[in-house]
Amino acid sequence: MPPVFRFAPSPNGLLHLGHAYSALLNFQRARATGGRLLLRIEDIDATRCRPEFEAAIYEDLAWLGIDWEMPVRRQSEHLADYRAVLEKLSALGLVYPAFESRAEIARLVATREAEGPWPRDPDGAPLYPGDSKSLPADERARLLASGAPHALRLDMAAACRRVGGLSWNELGEGPDGERGIVPARPEVWGDVILARKETPTSYHLSVVVDDALQDVSEIVRGQDLFHATAVHRLLQVLLGLPEPVYRHHRLICDSAGRKLSKSSRSTGLRALRAAGVTPAGICQLVGLG
């Protein structure tokens, strides 16, 4: 079967040069290997995702000369898929509700750090410090019945015990030059969120489910997601899903060496096009010319 690639932006802002680089790499890899390129719209965040940004994604990619298979998968139309997988993990005893608010978690972290360093994940966020996992069953049931806001977290220690050692095949390059078979250490992320009361999925869960359902075989994405691959491999093994290969690429940074954001007007594709930059010029700007 031909390899399957995907470009999966979130419609919560306009595309910038970093998005262009990733989309072009996926497009070029698909062309070079005789593979297929899919476009997926990751719009589970209803508060930030907007239709005009989704329309702009299609327009900007077409302007770059990129085409993709139809139909486009929009995550907001497939929430039942994520619920079903979450129920499977729950049935394995690997999911628990955590009732602390973000403010309460921040206070707990501050208390822990007053006693000494508190561990942080590869993105720099503190690991979950709460104790909801050890709540008595009747108290947990009472809170759920009351409709209390909560996040559904993965019991990372139990999940890791269930699967043993993990790794992935890295065809690109990690931030520290990692290549080949890379050991996966999902435990460094702590008890990650898989869903919230109001949203039946998270990035980690939905991306793993979508890649499997869409038969994605080679994942080409930025090095900012390199370490998250450990969580994705864990979920793939727990759920019995196929293992893709990964090709993490360098990030396009601004003049100060910072990763681009969707607020970077000077590197936004719309602004560059308005300034007269051509698609060929975009390729040159990202080092693909």
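Structure data summary
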item	result
Pair list, Cβ under 9 Å, 6 or more apart: the stretch 21-36 residue assigned by TED's automatic domain parsing to the domain that holds Glu69, other residue in a helix (DSSP H, G or I) and buried (at least 21 other Cβ atoms within 10 Å of the Cβ)	Tyr21/Ile282; Ala23/Asp60; Ala23/Leu61; Leu24/Ile282; Phe27/Leu61; Arg36/Ala30
Qualifying residue in the stretch 45-52 (condition: loosely packed, with under 14 Cβ neighbours inside 10 Å, under 30 Å from Gly287 (Cβ atoms) and modelled with pLDDT under 95)	yes
Helices (runs of 4 or more DSSP H) wholly inside the stretch 99-218 containing at least 2 residues that are touching a helix residue (DSSP H, G or I) at 6+ places or on another chain (Cβ under 6 Å) and touching a residue at least 40 places away in the same chain (Cβ under 8 Å)	156-163, 203-213
From the options Leu234, Leu251, Leu238, residue that is in contact with a Pro (Cβ under 6 Å, 6 or more places away or on another chain), closer than 29 Å to Trp118 by Cα and not polar (S, T, N, Q)	Leu234
Given (1) touching a strand residue (DSSP E or B) at 6+ places or on another chain (Cβ under 8 Å); (2) more than 16 Å from Gln214 (Cβ to Cβ), index of the condition Gly65 fails	(1)
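Residues checked against (1) more than 29 Å from Ile219 (Cβ to Cβ); (2) surrounded by 13 or more Cβ atoms within 10 Å (Cβ to Cβ); (3) touching a strand residue (DSSP E or B) at 6+ places or on another chain (Cβ under 8 Å):
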position	(1), (2), (3)
Leu108	yes, yes, no
Trp118	yes, yes, yes
Pro129	yes, yes, no
Ser132	yes, yes, yes
Ala137	yes, no, no
Ala151	no, yes, yes
Leu171	no, yes, yes
Glu187	no, yes, no
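The values are calculated or read from the model by the stated rules, or taken from the named source; none is laboratory data. Everything quoted here is computed from the prediction, not taken from an experiment. For neighbour counting, all protein chains shown are included, and Cβ atoms are generated from backbone atoms with ideal geometry for every residue, glycine included.
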